[in-house]
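Novice: A single structure is presented below for examination.
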Amino acid sequence: MPANSASEWNRIHDEAIIVDVHAHPSLKVSIFNRILTKRFSATRAFNPFSVRTDFPKLKAGSVDVLWSTVYAPEREIHDECKWIKILKYLMPCRWKKVFGRPYFEVTNEMMDQMEKQVEKSIDRKTGKPMAKMAYSVRELDEILGQENDRPIAVIHNIEGAHSLDCNLDNVQHYFDRGVAYLSLAHFNANGIAHPCFPYPESIQICGCFLGDRDLTLGLTELGELVVEKMVDLGMIIDITHCTPPARKRVYDIVGDRMPIIASHIGAYEINPSAYNLKDWEIKKIAETGGVVAVIFMNYWLMPHETKRGLNYIARTLDHFINVGGIDHVAVGTDYDGFNDPPDDIKDASQLGKLTQRLIAEEYSEKAIKKIWGDNVLRVIHDGWGKKE
């Protein structure tokens, strides 16, 4: 049967373990009270109220493992755009919950809310759960070992070390809660690591989101202790959003002791943003046994942004593979992260389009399965210490 037939690409996609390394359904649950068992619209245009990773869409896209990204919105966001403060008066209770409490409290509550969504994810047709939390490698393996009506394995991760509230002991707390990886940086300096400039030009309007970031700054002293603590525990380190000096310091501290990941990122040689990885960094992450995961956001993928991005997703993957090898690439969509994904692969139900494209690019079935999940499963087994 020819590899480009509909039944063949469907077979490859269904047989692959599909892992999304970075997506944000918990944001939509916590801020907009979305119920993930419902199927929501996912528009082509930017829409913060849409949901691109509800459970029906994840199932339709054959997603087996979702690294659910918990992000407590940083208070500096409303300082960088005065218009956001209108929400303080339109949604006073929600505003207080998000911006009026310590990040540690907000992060834990967001994890609680995501866990409740997973607990209630019963498929009305089958009566079986659509998703199940995995708090350890053992629990993940048990879920993936199920042959019939297998639920989506949901694993916690945290974006932004501001969620630690500058308390080293909180690394242990999150590890004990089943957090598999922590992204050290995000939008603003957090006492741990310094970030790259995070905002696309398309939202820099009406005086909003214009503040610069100092790219010469790296990890703080506390940040170095956090990295060492994560290595000791077996919590995977994500260097996405970190400045180049912060990333370099992480590589130096970790060495080859555990896999490092870049959970949602592009290639500097394709789009020369400081956010993206240079070739030597792709090689360095590969040397640790880690993965670099392509982001589904055109602004970071391409030098001149367009609406359709599948071409650049494929091109970026190809670059990652040529530099770091087929064993060190993955997919981190960043769906539901208040971003604008490509119109031609706009939500989790359409992930099969990437499989089609990889087949058209003459990737082998084995290579496609590595890209989608096999590589990440290796990192989880090698890097996540809570194996029990």
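The numbers here are math on the coordinates, done by the rules we state, and not lab data. Note that the structure is predicted; figures quoted are calculated from it, not measured. Glycine gets a Cβ as well: all are built from the backbone with ideal geometry, and neighbour counts include every protein chain shown.
Novice: Using mean Cβ contacts within 10 Å as the protection proxy, how do 238-251, 108-121, 286-299 order, highest first?
Specialist: Numbers: 238-251: 23.5, 108-121: 17.8, 286-299: 25.0.
Those peptides, ordered most packed to least, come out 286-299, 238-251, 108-121.
Novice: Here is a further query. Amide H of ARG34: which non-local residues (sequence gap of 5 or more, or other chain) have their own amide H closer than 5 Å, using H built in the peptide plane?
Specialist: Correct list: VAL29.
Novice: List the residues whose amide H sits under 5 Å from the amide H of ALA193, counting only those 5 or more places along or on another chain, with H placed 1.01 Å from N in the peptide plane.
Specialist: The list, which skips near neighbours in sequence, is THR220.
Novice: To continue, here is another question. Label segment 184-308 by shape, choosing from rounded, prolate and oblate, from the square roots a ≥ b ≥ c of the eigenvalues of the Cα gyration tensor; if a/c is under 1.5 it is rounded, and otherwise prolate applies when a/b is larger than b/c, oblate when it is not.
Specialist: Details: a/c = 2.34, a/b = 1.43, b/c = 1.64.
Here segment 184-308 falls in the oblate category.
Novice: With n ≥ 4 as the cut-off for DSSP H runs, can you work out [θ] at 222 nm for the chain, using -39500 (n - 2.57) per run divided by the number of residues, rounded to the nearest 500? Don't jump to the answer; show the numbers that get you there.
Specialist: Working: 17 runs with 149 residues, N = 388.
Calculated mean residue ellipticity at 222 nm is -10500 deg cm²/dmol.
Novice: Sticking with this structure for a sec: Counting Lys and Arg as +1 and Asp and Glu as -1, what is the net charge of the other residues whose Cβ lies under 14 Å from the Cβ of LYS128?
Specialist: Details: positive: LYS59, LYS120, ARG124, LYS125, LYS132, ARG150; negative: GLU119, ASP123, GLU147, ASP149.
Once positives and negatives cancel, what remains is +2.
Novice: Restricting to bridges with both residues inside the chain, how much of the DSSP beta-bridge set is antiparallel, in percent to the nearest 5? Walk me through the numbers on the way to the answer.
Specialist: Working: 3 of 32 bridges.
Antiparallel bridges: around 10 percent, rounded to the nearest 5.
Novice: On to the next question. For segment 234-388, go through all pairs of different Cα atoms, get the mean of 1/r, take its inverse, and jot down that Kirkwood value in Å. Don't jump to the answer; show the numbers that get you there.
Specialist: Details: mean 1/r = 0.0641 Å⁻¹.
By the Kirkwood definition, the hydrodynamic radius is 15.6 Å.
Novice: For the chain, what does the alpha-carbon gyration tensor say about shape, rounded, prolate or oblate, given a ≥ b ≥ c as the root eigenvalues, a/c under 1.5 as rounded, and a/b over b/c as prolate?
Specialist: Numbers: a/c = 1.25, a/b = 1.16, b/c = 1.08.
It is rounded, given that a/c, with a ≥ b ≥ c, falls under 1.5.
Novice: Then there's this: Tell me, TRP95, TRP9, TRP372 in order of fewest to most beta-carbon neighbours within 10 Å? Walk me through the numbers on the way to the answer.
Specialist: Working: TRP95 16, TRP9 20, TRP372 28.
In order of increasing Cβ crowding within 10 Å: TRP95, TRP9, TRP372.
Novice: I've got another one for you. Take the alpha-carbon centre of segment 160-188, take the same for segment 254-290, and report the distance between them in whole Å.
Specialist: When both Cα centres are located, 21 Å separates them.
Novice: For segment 70-189, rounded, prolate or oblate, judged on the Cα gyration tensor with a ≥ b ≥ c (square roots of eigenvalues), a/c < 1.5 rounded, else prolate if a/b > b/c? If you can, show how the numbers build up before the last one.
Specialist: On the way: a/c = 2.94, a/b = 1.63, b/c = 1.81.
In terms of gyration-tensor shape, oblate.
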